[in-house]
1. Roughly speaking, what is the centre-to-centre gap between segment A:60-113 and segment B:67-84 when only Cα atoms are used, to the nearest Å?
2. At R0 = 41 Å, how high is the FRET efficiency between B:Ala10 and B:Glu53 if r is their beta carbon distance? Nearest 0.05 is fine.
3. Taking other Cβ within 10 Å of each residue's Cβ, how do A:Ser42, A:Ser59, A:Ser5 sort, fewest first?
4. Check cross-link reach from A:Lys99 to the lysines: straight Cα distance under 22 Å, and skip same-chain residues fewer than eight apart.
5. For chain A, calculate the relative contact order in percent as a whole number, restricting contacts to Cα pairs under 8 Å that are 6 or more residues apart.
6. Mean projection of the alpha-carbon convex hull of segment B:39-105 over all orientations, in nm²?
7. With the calculation restricted to Cα positions, what are the radius of gyration and Dmax of chain A in angstrom?
8. Under a cut-off of 12 Å between alpha-carbon atoms, report the aspartates and glutamates in cross-link reach of B:Lys102, not counting same-chain residues fewer than 8 places apart.
Amino acid sequence: SAVISQKPSRDICQRGTSLTIQCQVDSQVTMMFWYRQQPGQSLTLIATANQGSEATYESGFVIDKFPISRPNLTFSTLTVSNMSPEDSSIYLCSVGTRKNIQYFGAGTRLSVL
Amino acid sequence: SQQGEEDPQALSIQEGENATMNCSYKTSINNLQWYRQNSGRGLVHLILIRSNEREKHSGRLRVTLDTSKKSSSLLITASRAADTASYFCATDARDDKIIFGKGTRLHILP
């Protein structure tokens, strides 16, 4: 298993600003994932962040809006850029294992005014 | 895109009763997982069942898998207040990804 620390846990932001979410893992992992979860909905994968390579974005998500960094095997950041109220969601990071099981951070609850 | 779809969307039962949730999926899988999410929190992995397995137990949890019907069920026996949460099934996809279903919101009544 892995312990994931995600911060901030919540934030309220103004339209047009950007927020960077951090995800710290207690062990070295290859695969990290970023998800968005809109209120009462399921999780939608934003991108896969593997160390040493560019993040791979899912359909409907672009790097200019959601830039991701993965400087080492224990850390990643997701930035939500030029925010609008439609970006209000829970953002979750997770790490993958060879058994296909994922371990999640507690999430960042973002509200955009 | 959603692969799994849980049924029911919401379920309320009395404490001590059993809760059953179902998941249907569309394409062939190598494994299927169930996760729990307490309100406002991250997801917690509960159990994984492989495509060549039909049933698996973990404590008060029992998972079944029917690959011919592309469906799975999660049974929680002797429910407790702490079981109140959303439950998601997830199927494996390419590139080590998993795809989550829409979830079942379970509420245990005192």
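Since every read-out is calculated from the coordinates, none of them should be taken as a lab result. It should be emphasised that the depicted structure is a prediction, and the values quoted were computed from it without experimental measurement. Reconstructed Cβ throughout: ideal geometry from the backbone, glycine too, with neighbour counts over all protein chains shown.
1. Here the answer is 29 Å between Cα centres.
2. Values: r = 28 Å, r/R0 = 0.69.
The formula returns an efficiency of 0.90 here.
3. Details: A:Ser42 20, A:Ser59 7, A:Ser5 13.
Taking fewest neighbouring Cβ atoms as first place, the list is A:Ser59, A:Ser5, A:Ser42.
4. By straight Cα distance, A:Lys99 reaches B:Lys26, B:Lys56, B:Lys70, B:Lys97.
5. 37 percent
6. Values: hull surface 21.7 nm².
Taking the Cα atoms of segment B:39-105, their convex hull projects to 5.4 nm² on average.
7. In Å, with Rg to one decimal and Dmax whole: 13.1, 40.
8. B:Glu5, B:Glu6, B:Asp7
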